[in-house]
Amino acid sequence: MTINRADLLNLIRKLIAKFCDQKIYNPEIPESLNGAILVTNHISRLDVVFLMLSTKREDVIALTASNYRRAPFFGTILKKIGVIWLDRGESDFKAMRETADYIKKGWIVGLAPEGRRSRSGKLIEAKPGAVLIAMKTGAPIIPVGLVGTADMGKAIKEWRKMDVTINFGEAFYLPEREENEHNRDYVQRALEEVMCRIAVLIPEEQRGFYAAHPRVKSLLAEIEEKKNNPEA
């Protein structure tokens, strides 16, 4: 018996509902948004699954490290769901082209700018891949903060449900390039913007490498201002 992608995603959603206390904030991605990049922190191999299932849109696919392909059971699930396999050991231009093609077709592509799981659960310094894809496609970026996805083992030992929070931020575009700004400087500045927008969606103790970045402070001030003046 074979199962199609939509049915498998629905089955996994039911399993998540059974074994997780999941809180998802602002997950509405309008159908009119034709192609976008979801960027998130990376704390667990389960991040891919939670990210793909956190919105009602079915045209969501994730960029996933190719070493997960060989993982028992989990690799099989990822193959059935459908992901874009990325070889982290080198510049994987094939994966980048495939990612850009999906975005151009209107899909939502999820990826973790950090490039690997953070063992500490805190943000680590990111790599420029997400920014380069956004530069190539011109697609909007949707930041997502994940909390609790790394706690499956602990939850099983304690005979309790996982507590998972998925926090979506507002879509944005890369900042404008300043006059005479060197490409390397621009990519770094844009990458910091991306990561700071993720940082404000997770608890302070998880912000790690970007915790003290001045852009985090200014973004938090903007969020507070919107809360206090929702009609502004």
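Quick note: the coordinates plus some simple rules give every number you see, no bench work behind them. Being a predicted model, the structure only gives us computed values, none of them experimental. Every residue, glycine as well, gets a Cβ built from its backbone with ideal geometry; the counts of neighbours run over all protein chains shown.
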Expressed as a whole-number percentage, the relative contact order of the chain with C-alpha contacts under 8 angstrom and at least six residues apart is 25 percent
Any chymotrypsin sites (Phe, Trp or Tyr not before Pro) in the range 149-190 that lie in a DSSP loop and have at most 14 other Cβ atoms within 10 Å would be Trp159, Tyr173
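Give me the percent of DSSP beta bridges within the chain that run antiparallel, rounded to the nearest 5.
Values: 5 of 25 bridges.
So the antiparallel bridges in the chain amount to around 20 percent.
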The answer for GluC sites (Glu not before Pro) in the range 139-232 that fall in a DSSP coil and have at most 15 neighbouring Cβ atoms within 10 Å is Glu158, Glu170, Glu176, Glu178, Glu179, Glu181, Glu231
Protection proxy (average C-beta count within 10 Å per residue), highest first, orders 6-12, 26-32 as 6-12, 26-32
Expressed in nanometres to one decimal, the distance between label points 7 Å along Cα→Cβ at Asn183 and Lys122 is 3.4 nm
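Taking 0.36 nm per residue of sequence separation and subtracting the Cα-Cα distance, how much length would be gained by fully extending the chain between Tyr173 and Glu31, in nm to one decimal? Mind dumping the intermediate values first?
Values: separation 142, 0.36 × 142 = 51.12 nm, distance 1.79 nm.
Fully extending the segment from Tyr173 to Glu31 adds 49.3 nm.
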For P(r) over Cα pairs in 10 Å bins from 0, in percent the list reads (1) 7, 30, 37, 22, 4, 0; (2) 8, 32, 34, 13, 5, 5, 3, 1, 0; (3) 7, 31, 39, 18, 4, 0; the calculated value is entry (3)
Loop-resident chymotrypsin sites (Phe, Trp or Tyr not before Pro) in the range 19-103 with no more than 12 other Cβ atoms inside 10 Å, DSSP not H/G/I/E/B, are Phe73
Per the helix-only model, the chain has a calculated mean residue ellipticity at 222 nm (DSSP H runs of ≥4, -39500 (n - 2.57) each, divided over all residues, rounded to the nearest 500) of -11500 deg cm²/dmol
Pseudo-spin-label distance Lys136 to Glu231, built 7 Å along Cα→Cβ, given in nm, is 4.6 nm
